[in-house]
Each structure stands twice: as C-alpha cells, then as structure tokens.
1. Does V114 satisfy the criteria of being surrounded by 14 or more Cβ atoms within 10 Å (Cβ to Cβ) and not basic (K, R)?
2. Could you grab me the full set of residues in region 122-139 that are in a loop (DSSP other than H, G, I, E, B) and touching a Phe, Trp or Tyr at 6+ places or on another chain (Cβ under 8 Å)?
3. In the set E77, E97, E142, E151, which member is surrounded by fewer than 12 Cβ atoms within 10 Å (Cβ to Cβ) and under 25 Å from Y263 (Cβ atoms)?
4. Test K203 against the criterion of being among the charged types (D, E, K, R), within 27 Å of K31 (Cβ to Cβ) and crowded, with 16+ Cβ neighbours inside 10 Å, and give yes or no.
5. For region 169-190, which residues satisfy the criterion of being surrounded by 16 or more Cβ atoms within 10 Å (Cβ to Cβ), of a type in the set (D, E) and touching a residue at least 40 places away in the same chain (Cβ under 8 Å)?
6. Find all pairs meeting these conditions: Cβ atoms under 6 angstrom apart; at least six residues apart or on different chains; first residue within region 219-238 and more than 10 Å from N36 (Cβ to Cβ); second residue among the basic types (K, R) and assigned to a helix (DSSP H, G or I).
7. I'd like the residue in region 80-94 that is outside any loop (DSSP other than H, G, I, E, B) and of a type in the set (A, V, I, L, M, F, W, C) and, out of all such residues, is surrounded by the most Cβ atoms within 10 Å (Cβ to Cβ).
8. Quick one: is I250 under 27 Å from I67 (Cβ atoms), of a type in the set (V, I, T), at pLDDT 95 or above and under 13 Å from the mean Cα position of the chain (by Cα)?
Amino acid sequence: MEHKLTKEEYAQKMKEKRLFLFDMANQQLIKTTSSNELYLNYLTLQGKLLYTVTNTLLVQTQKPDAILLKDVAHWQEDGYFIKNGEKGTQILEPGKEYKKRDGSYGCSYNPKYVFDVTQTDAQEEKKEVDYKSVISAIVYKEKIKPQIVSEDSTLPRPVYYDVVSDAMYVLKGQEMNEMISGLIREYIFIEVKNQYSSYEEAKFCVLSITQMICSRYGIENKNESIDCVNHFNGMDDKVIKSELQDMKRIFDSVNQRMEHGLYMKGKNNYRGHEER
C-alpha cells in the first residue's frame, strides 16, 4: 500500500523539488552565458514564452525547441490532449506572496509540468507575418516617427536613430525583415539610452532585447551577432541574472506597448468595417 505523505513530508518533498529546479536553472545560466549559440536560443525562447528568467532557463534545459507551453488542464480547455508517452517540462509556478521575518515580502514557487504544442494533437498553425501591423506596433505611441532617406545617404546603420537631431532615419530600398529588425533595434535604444552614455555601451542590451522582440513577432533578425561570451566574462552569476531580469523588464514594457498598438489597430479596423 502506498504511503500517504504527511503535511510535513509533502512540504519537504516540494522544497527538495524547488531546490532541484533552482539548481538546474543556475547550472543552465552558466552554460547559456558561456555560449553565443545558447544565449541566442535563450533570447528566442524568452520572446516566445514570456516566462521569467528562471523558467526560461528551465525550459532551455529540458525543451530548447519549445514553441507554446501550457499545462494539461489548459490544453484540455482548448480541446487538445497530450500525446501518449510525452514527457512534461518542469517549471516553477509563482504561488502566494508571503511576509518574511525581516518584514520584506517573498513569493512561493510550486513545481509544475507544462507541455509544448508539438506534444499535443493540435495542428500547429503557420501564420504569415503581417509586416504593416508589426511596423505600426513598433511606432505606436512613439513621438519620433521614421523618416525615409535616399539610398545614397550615409548612415552609420541602415536604420539609425540620431541622438543629436532626435530623429529616426530609414534608408530607402531595404528588405522588409532588415528594416523592421532595424526599427526594433533603434526604438529599443531610445527606450534605454538614458541608462547609457552611448550606443556602443548600450549595444549588448539593445541587441539582446531586439532578438526577444523579433522572436515574439516572427521577424527574422537581421542585426549583427550578439557576443555574450565576452560581455559576461568574469561576471558573478547573481550579477548576470540581475542583468537578464533587467532586460526582461524592458522587453515586457516594449512588448506590452506593441500588443496594445496591435489591439487598437484591430479595433480601428473593425470600426472602419462597421462604418462601411
């Protein structure tokens, strides 16, 4: 007969699981920030999943090719079922907030299994990227709008935000993905420029968040490669994680603005259809 766990035994078991998962995430952090290829994969996952830094690292360890993750209950709510024999991915779900002895607040985390869309009977939909909608989302509520300049113009980059003139320039004749990824990069720079003394100093942060946004909206990133090995070399793990969390916060802010822009564009399109 299976032994029924007491409250204390169950609590200890959950604690051990949490510690195991936190350790797994910390080990992956070291691997990820020591490899440009793994770091790019991490950023791509972060953009797709919108998970915390810790959970993105956990997914990267277990399911680095994940597309869309949900627990069994949510897949069933959507009318889909997990295929036989599929192994779940463990993450840490935020639980209740609690007050610590020192008066500060913390959050409990509960181990949870999630499954990717490829592990279900759902048919993955291949959606074409609506470039016009993505562009309108990028510039939504931005005071600085892009200005098209001739192909013979000499710009440091094909899409370039000039701090001095406070203007955004877009070189005419660019391929769509190149232009959009460039716009994302330069608007990210505008978002963070007050935290840095120059573009070069902000570059790593800018390119990292750009990759997240491009991944989120299905844009092929035409920006230069991201050298995380040199950037993180010699940094303490806690400092690295703090930097990743800072970038995640900026990404969330930009993504929320873009999503709101897409929502408002959809509403306006619907109103226009009604009036016609």
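The values are calculated or read from the model by the stated rules, or taken from the named source; none is laboratory data. The structure presented is a predicted model; accordingly, all values stated were derived computationally and were not measured. Positions of Cβ are backbone-derived with ideal geometry, glycine not excepted, and every protein chain shown enters the neighbour counts.
1. yes
2. A122, V129, V139
3. Going through E77, E97, E142, E151 in turn, the sole match is E77.
4. Yes; evaluated as a whole, the condition is true for this residue.
5. If the condition is that a residue be surrounded by 16 or more Cβ atoms within 10 Å (Cβ to Cβ), of a type in the set (D, E) and touching a residue at least 40 places away in the same chain (Cβ under 8 Å), then E178 is the only one that fits.
6. As it stands, the answer is N223/R185, since those pairs meet every condition given.
7. Here the residue is I91.
8. yes
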